[in-house]
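Here is the structure we will look at.
The values are calculated or read from the model by the stated rules, or taken from the named source; none is laboratory data. Fair warning: this is a prediction, and the values are worked out from it, not measured in the lab. Neighbour counts run over all protein chains shown; Cβ positions are idealised from the backbone, glycine included. Keep in mind that these areas ignore ligands, DNA and RNA; they rest on the heavy atoms of the full protein, side chains included. Shrake-Rupley method; radii C 1.70, N 1.55, O 1.52, S 1.80 Å.
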Amino acid sequence: MRRPTPLLPAAVAAALLLTACGSERAGTRDGGVGAGGSTPRTQVTQPAVDGVRITSVTIPSASAAASGPSTPSDGIVRADPLPTGSTGSTGSTGSTGSTDSGISAAYEVTNSGTQALTYTVLFDFTTSAGEVMSNQHVTVRSVGAGRTVRGTVRLGVLAPGASRVTTVEVGEVTKVPAAEAPAAAGVCPPSGIRLTSDEGDSAMGLRVVGLHLENCGQKDYTLNGYPELTLLDEGHEPVDGIKILHGGDSISTGTGYDDPPGPLTLKPGETAVSGLIWRNTTGAGTAVNVPYVRVRAKSGAAPVTVTPHLDLGTTGELGVGAWKRAEQ
């Protein structure tokens with residue numbers, strides 16, 4: 001068991017230089033989009049962010065800065081604008097504001113560990129001043145130990161009034177054992193139960209992240225109690241020193257997860273919900289961030305590792321709600 005350590009910032013930039021037009025042929029994984037043709041590009045040695053590295057960037061001149069490439073003091077190598085009339089990866093067409101921006105980035109994910117991992121990467125599309133104009137989440141599933149997977153992520157349509165995008169950066173990387181990754185939408189795992197977490201909600205320091213359990217199988221699934229939780233650090237080692245309390249009212253009233261547990265049977269297609277509840281207030285001591293939570297729907301169930309990013313402050317407490325039937 002290791003004492004918890006603060007979560008290090010993951011928003012480390014990794015962008016590089018493009019010197020010609022066109023689009024790169026690349027594989028795609030859950031959000032990356034392949035493109036035909038080839039793009040001559042300059043390879044730049046940039047440190048990977050948790051195994052993820054951008055290898056080229058395509059930015060048409062309409063979205064790129066007017067000046068040529070530069071390497072400013074922040075160490076980010078930015079993309080050259082493409083010649084007027086050139087396009088990168090193309091998508092939807094239409095009037096200004098609904099036309100695909102043509103902005104994309106080729107990336108590679110390298111697993112230097114000893115087990116297959118599933119990666120979720122946040123790519124930020126930013127201005128020369130570092131302002132994020134848009135972002136995309138990409139999930140790269142089941143990257144084997146010692147293997148590298150390549151793909152392409154596209155910005156798509158840039159919001160009207162947005163400033164010019166000149167850089168693509170790796171904003172954040174999370175990775176979980178492939179065998180414990182939440183199943184993709186529309187995919188039912190062998191257990192017949194699909195467990196995921198949502199983006200959460202917050203109000204005046206109170207945080208609530210929902211856990212969603214869908215019976216996607218062919219048989220009834222019974223519950224009677226609380227999810228079993230194991231808090232994990234960045235290295236997927238257990239975090240100790242945090243009390244896991246039953247019921248949302250153990251943290252605050254009115255969370256929606258205050259009721260005691262009771263027997264619940266999910267028919268195929270039905271869903272149950274639970275919640276992780278905490279306050280991120282800080283006082284004396286070291287604030288604790290928990291990037292990963294291993295969840296078992298009930299004792300003996302297959303584990304699923306979710307990434308709620310619990311910023312627990314110095315409270316040392318996490319509440320969990322009993323399973324209840326989801327409102328239809």
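A few remarks follow.
- For Glu234, the conditions (1) closer than 27 Å to Gly313 by Cα; (2) modelled with pLDDT of 95 or more all hold with the exception of (2).
- The residues on offer are His236, His212, and the sole one that is out of contact with any Ser or Thr (no Cβ under 7 Å at 6 or more places or on another chain) and in contact (Cβ under 8 Å) with a residue 40 or more places away in the chain is His236.
- One residue from Ala301, Ala272 being in contact with a Phe, Trp or Tyr (Cβ under 6 Å, 6 or more places away or on another chain) and either small (Gly, Ala, Ser) or more than 27 Å from Ala181 (Cβ to Cβ) (or both): Ala272
- Condition met for Val149 (closer than 30 Å to Thr230 by Cα, open to solvent by less than 20 Å² (accessible area, probe 1.4 Å), modelled with pLDDT of 90 or more and out of contact with any His (no Cβ under 8 Å at 6 or more places or on another chain)): no
- Any chance Thr196 is within 27 Å of the chain's Cα centre (by Cα), touching a residue at least 12 places away in the same chain (Cβ under 8 Å) and farther than 19 Å from Glu327 by Cα: no
- Residues of the range 197-240 satisfying the condition of being open to solvent by less than 50 Å² (accessible area, probe 1.4 Å) and under 18 Å from Arg279 (Cβ atoms): Gly200, Gly205, Leu206, Val208, Val209, Gly210, Leu229, Leu231, Val239
- Count - residues of the range 182-196 that are part of a loop (DSSP other than H, G, I, E, B) and open to solvent by 30 Å² or more (accessible area, probe 1.4 Å): 8
- Count - residues of the range 244-297 that are β-branched (Val, Ile, Thr) and in contact with a Gly (Cβ under 9 Å, 6 or more places away or on another chain): 8
- Where Asn111 falls short, out of the listed (1) farther than 14 Å from Ile59 by Cβ; (2) open to solvent by 20 Å² or more (accessible area, probe 1.4 Å): (2)
- Among the residues of the range 308-319, those identified as open to solvent by 10 Å² or more (accessible area, probe 1.4 Å) and outside any loop (DSSP other than H, G, I, E, B) are Asp311, Glu317.
- The range 275-307, residues that are in a loop (DSSP other than H, G, I, E, B), under 15 Å from Pro238 (Cα atoms) and either of a type in the set (Gly, Ala, Ser) or open to solvent by 10 Å² or more (accessible area, probe 1.4 Å) (or both): Pro303, Thr307
- Checking each residue in the range 140-180 for being under 14 Å from the mean Cα position of the chain (by Cα) and small (Gly, Ala, Ser) picks out only Gly171.
- Of the residues Val138, Val132, Val157, Val143, the single one that is of a type outside the set (Lys, Arg), in contact with a strand residue (DSSP E or B) (Cβ under 8 Å, 6 or more places away or on another chain), open to solvent by 50 Å² or more (accessible area, probe 1.4 Å) and at pLDDT 95 or above is Val132.
- Residue within the range 257-267 that is in contact with a Cys (Cβ under 8 Å, 6 or more places away or on another chain), farther than 18 Å from Gly200 by Cα and surrounded by fewer than 19 Cβ atoms within 10 Å (Cβ to Cβ) present: no
- In the range 199-228, the residues that are of a type outside the set (S, T, N, Q) and under 20 Å from the mean Cα position of the chain (by Cα): Glu199, Gly200, Asp201, Arg207, Val208, Val209, Gly210, Leu211, His212, Leu213
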